[in-house]
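The values are calculated or read from the model by the stated rules, or taken from the named source; none is laboratory data. The structure presented is a predicted model; accordingly, all values stated were derived computationally and were not measured. Heads up, the Cβs are rebuilt from the backbone with ideal geometry, glycines too, and the neighbour counts pull from every protein chain shown.
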Amino acid sequence: MSQMGLHGATGQEQCLSDLRIAAAVCGEPRDPALFAMTAHVLYPALDAARPATLSPTIISAVIRDAIGFAGALLSDDLSMGALCGSLSERTAAARAAGCDIALHCNAKLAEMTEVLDAAGFLDGASAARAAAALAGAPAPQAFDGPSGEARLADLLGALEVTA
């Protein structure tokens, strides 16, 4: 028995629709995204036990292979309270699942130290992806609000909404 989503789509079909949107946002091979962030979202059709941030299946088979994302992958904020386990456990699980960088965003020094200890050193493929992403990042520019709003409208207009 399959779980039905929007407009009669199965859970897996809905996930694949969501992933096509993610692939479009990641960019074309000629202009690939340098960084991306996971979400603490459960996709039961892909991994019934773990949210995307903690799922080796989603990170490897979906984000890296199916979508083709080759940049530095950041976890969502591990301190936001959306995941079970201690902060050390969440950090270690995110890194083990394939997140290159573990984010901690609440500025509590004791927690920052805990995340740093659990994350370990940035090395191997994770270090190479992070270095490549930083090297390819453009220099900061002043933000032009109207241009940003126009770009967002263009991107949203290009998406097929199925609500």
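Which residues, counting only those in the range 112-121, are part of a helix (DSSP H, G or I) and surrounded by fewer than 17 Cβ atoms within 10 Å (Cβ to Cβ)? Hits for the range 112-121 are 112, 113, 116, 117. From the list 84, 99, the one residue that fits, being part of a loop (DSSP other than H, G, I, E, B) and in contact (Cβ under 8 Å) with a residue 60 or more places away in the chain, is 99.
Checking each residue in the range 58-81 for being in a loop (DSSP other than H, G, I, E, B), out of contact with any strand residue (DSSP E or B) (no Cβ under 6 Å at 6 or more places or on another chain) and small (Gly, Ala, Ser) picks out 68, 70, 75, 79, 81. Checked against (1) part of a helix (DSSP H, G or I); (2) surrounded by fewer than 18 Cβ atoms within 10 Å (Cβ to Cβ), residue 53 passes all but a single condition, namely (2).
Restricting to the range 70-92, count the residues that are surrounded by fewer than 23 Cβ atoms within 10 Å (Cβ to Cβ) and either closer than 18 Å to residue 127 by Cα or not hydroxyl-bearing (Ser, Thr, Tyr) (or both). Here the count works out to 14. Pull up the range 56-76, narrow it to residues that are more than 11 Å from the chain's Cα centre (by Cα) and under 17 Å from residue 101 (Cβ atoms), then point me to the one that is modelled with the lowest pLDDT. In this case the residue turns out to be 70. Kindly establish whether residue 109 is surrounded by fewer than 21 Cβ atoms within 10 Å (Cβ to Cβ), within 11 Å of the chain's Cα centre (by Cα) and not aromatic (Phe, Trp, Tyr). When the stated conditions are applied, residue 109 does not pass them. Take residue 128 and decide whether it is of a type in the set (Gly, Ala, Ser), under 17 Å from the mean Cα position of the chain (by Cα) and either within 20 Å of residue 33 (Cβ to Cβ) or surrounded by 21 or more Cβ atoms within 10 Å (Cβ to Cβ) (or both). Judged against the criteria, residue 128 is not a match. Residue check: is residue 140 within 20 Å of residue 34 (Cβ to Cβ) and not hydrophobic (A, V, I, L, M, F, W, C)? In short, yes.
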